[in-house]
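Notes for the one structure printed next.
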Amino acid sequence: MDIVYIETSIVSHATARPSSDPATAVLQIQAKRWMSEQRPNYDLVTSELVVTEAAAGNPDAASRRLAILADIPILKQSPDVDVIADELLARSLIPEVARLDALHVAAAALAGVQYLLTQTVGILRTHMYCHVSTDCLTI
């Protein structure tokens, strides 16, 4: 089964209270739908970075985010994550202001996952068109 790295935006949108903002509401619906319909089709993984981000903020919301992550394996932290993230930023493949996004991409690439599931604009608006598990590692 293919492996999907779950990034914080998916967890946040899937567990958030319904938003009155139409754009956010659509993201919430998409995240909830993916988690309920597609999740069984993949092996999911996440990182300690996602857990840390999910634990921040409102305690009730953090509790919901952590609950959805409870049965998702956490990748071992590689010392090379920072190196790969720095290269993604240095080569302008991800904007400098999106260092956390670069760390997610690096963690996923180093773990050899096939897909990184995100709704984060910093990751989505990159000029990086690489297969996460192979091309990013050649940086």
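Determine if the stretch 94-101 includes at least one residue that is farther than 12 Å from Ile6 by Cβ, among the hydrophobic types (A, V, I, L, M, F, W, C) and surrounded by fewer than 12 Cβ atoms within 10 Å (Cβ to Cβ).
Taking every residue of the stretch 94-101 in turn, at least one turns out to be farther than 12 Å from Ile6 by Cβ, among the hydrophobic types (A, V, I, L, M, F, W, C) and surrounded by fewer than 12 Cβ atoms within 10 Å (Cβ to Cβ).
Quick check, is Gln114 under 12 Å from Tyr5 (Cα atoms), of a type in the set (S, T, N, Q) and at pLDDT 55 or above? So that I can check it myself, show each step before the final result.
Details: under 12 Å from Tyr5 (Cα atoms): yes; of a type in the set (S, T, N, Q): yes; at pLDDT 55 or above: yes.
Against the criterion (under 12 Å from Tyr5 (Cα atoms), of a type in the set (S, T, N, Q) and at pLDDT 55 or above), Gln114 qualifies.
Restricting attention to the stretch 29-57, which residues are small (Gly, Ala, Ser), within 15 Å of Leu117 (Cα to Cα) and either touching a His at 6+ places or on another chain (Cβ under 9 Å) or surrounded by 14 or more Cβ atoms within 10 Å (Cβ to Cβ) (or both)?
Across the stretch 29-57, the qualifying residues are Ala31, Ser47.
Based on what the data block shows, is Ala54 of a type outside the set (Asp, Glu), closer than 15 Å to Ile10 by Cα and either under 16 Å from the mean Cα position of the chain (by Cα) or part of a helix (DSSP H, G or I) (or both)? Let's see the steps before the verdict.
Working: of a type outside the set (Asp, Glu): yes; closer than 15 Å to Ile10 by Cα: yes; either under 16 Å from the mean Cα position of the chain (by Cα) or part of a helix (DSSP H, G or I) (or both): yes.
When the stated conditions are applied, Ala54 passes them.
Could you check, for the stretch 16-28, whether at least one of its residues is surrounded by fewer than 17 Cβ atoms within 10 Å (Cβ to Cβ), within 16 Å of the chain's Cα centre (by Cα) and within 22 Å of Val113 (Cβ to Cβ)? Talk me through it step by step, then tell me what you get.
Start the filter on the stretch 16-28 by keeping residues that are surrounded by fewer than 17 Cβ atoms within 10 Å (Cβ to Cβ), which leaves 17-26.
Checking which are within 16 Å of the chain's Cα centre (by Cα) leaves us with none.
Checking the stretch 16-28: not a single residue is surrounded by fewer than 17 Cβ atoms within 10 Å (Cβ to Cβ), within 16 Å of the chain's Cα centre (by Cα) and within 22 Å of Val113 (Cβ to Cβ).
Only one of Leu66, Leu27, Leu49 is within 15 Å of Ala108 (Cβ to Cβ) and of a type in the set (A, V, I, L, M). Can you tell me which? Give the steps one after another, and end with the answer.
Details: Leu66 fails: within 15 Å of Ala108 (Cβ to Cβ); Leu27 fails: within 15 Å of Ala108 (Cβ to Cβ).
Only one candidate passes the filter, namely Leu49.
The values are calculated or read from the model by the stated rules, or taken from the named source; none is laboratory data. These numbers were taken from a predicted model, which means no experiment stands behind them. Neighbour counts run over all protein chains shown; Cβ positions are idealised from the backbone, glycine included.
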